[in-house]
Amino acid sequence: MQEKRKKMTARRIMKMKGREKIAMVTAYTYHQARLADEAGIDAILVGDSLGMVIYGYPTTLQVTLQDMIRHTQAVANAKPRALIVTDMPIGTYEPSTRDAVISAIQLARAGAEAVKLEGGTEYTDRVKAIVQAGIPVMGHIGLTPQRHLRIGGYKQQGKTPQQERQLIQDALALQEAGAFAIVIEYTNPDVAKKITGKLEIPTICIGAGPHCDGQVLVLHDLLGITPNPPPFTKQYANLQETIKSAIKQYINDIKRIL
């Protein structure tokens, strides 16, 4: 009989640094969360990437708090052993610390066991306030998709000494504010390695090299469902063709009946 695994918490994720790599994946529905958890994933991110992969939006900017609440509830219904982390969409934490705390509480009520927000030193007061309210916070630096308009697109970060200094400053500030982990997205791998070495909390990379404490990928990208995945994504299956083939077989079976 398989031994029942212990429930993952933000504290347990923190303790994995230097001991075991952290495996994280996005999930947006009950069955996605169930399958990811049964496979043994450490953490599930209910990402605002659902805007593109679920709703077909052009960016994450169209995602609302209600979208995130609804999908967090679906993931939480799977009762995963994995830690459930939910993205705070744009507009839910920028206006004020009060807005940030209220939004985080709503996500926690929906089933989030931690929240993730994008940005560095400019939002450490939000991180501190949410943590003080009793909700763990995961930071997110490097490429921050919610700010792609400001940074001029989806470009790799940490390519200049100035960017490197700012990223290190952001990471240390988020740690000081109480973040339990930090996602580093599409960043120079050498810079991500430096940040990982300077922090006491784990770093989780997406497109930032192999030197961090863990990795996260969008489920649809790794399963080969996304038509044009990011260049840094490793594809582990080609479900796009598998699904189309199955549906074609179904269509052929139906057509043969007549």
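We did not get these values from a lab; they are worked out from the coordinates using the rules stated. Note that this is a predicted model, so its numbers are computed, not measured. With ideal geometry, Cβ positions are generated from the backbone for all residues, glycine too; neighbour counts draw on all protein chains shown.
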Ordering 157-165, 202-210, 188-196 by per-residue average of other C-beta atoms within 10 angstrom, highest first, gives 202-210, 188-196, 157-165
Averaging the inverse of every distinct alpha carbon separation and then flipping it gives the Kirkwood radius. What is it for segment 113-258, in angstrom units? 17.0 Å
Using DSSP to define loop residues, name the trypsin sites (Lys or Arg not before Pro) in segment 10-110 whose beta-carbon has at most 16 other beta-carbon atoms within 10 Å. ARG19, LYS21, ARG81
Cα→Cβ-extended label distance, 7 Å offset, between ARG98 and LYS159, nm: 4.2 nm
Per DSSP, the loop-located GluC sites (Glu not before Pro) within segment 54-137 having at most 11 other beta carbons within 10 Å are none
Roughly how many Å is it from the Cα centre of segment 186-248 to that of segment 1-46, as a whole number? 16 Å
In terms of the charge dipole of segment 10-257, which places +1 on Lys and Arg and -1 on Asp and Glu at the beta carbon, the residue among PRO136, ILE22, ASN252 farthest towards the positive end is ASN252
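Ratio of Rg to Rh for segment 35-141, alpha carbon only, Kirkwood? It would help to have the intermediate numbers written out before the result.
On the way: Rg = 13.2 Å, Rh = 13.8 Å.
Result for segment 35-141 is an Rg/Rh of 0.96.
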Tell me the angle of helix 30-39 to the major Cα principal axis of the chain, expressed in degrees between 0 and 90 and rounded to the nearest ten. 80 degrees
If one computes P(r) from the Cα atoms of segment 10-257, what percent of pairs lie at distances over 25 Å? 41 percent
For segment 146-251, run through the chymotrypsin sites (Phe, Trp or Tyr not before Pro) and keep only the ones in DSSP coil with at most 11 other Cβ atoms within 10 Å of their Cβ. TYR236
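Given the -39500 (n - 2.57) contribution per DSSP H run of 4+ residues, what per-residue ellipticity at 222 nm results for the chain, rounded to the nearest 500 deg cm²/dmol? Kindly include the intermediate steps, with their values, before the conclusion.
On the way: 11 runs with 109 residues, N = 258.
So the helix-based figure for the chain works out to -12500 deg cm²/dmol.
Please report, in debye to the nearest 20, how large the charge dipole of the chain is about its Cα centre when each Lys and Arg carries +1 at its beta carbon and each Asp and Glu carries -1 there.
On the way: 32 positive and 24 negative charges, 116 e Å.
Charge dipole, the chain, about its Cα centre: 560 debye, nearest 20.
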So for the pair ILE54, HIS31, with labels modelled 7 Å out along Cα→Cβ, what separation do we get in nm? 1.5 nm
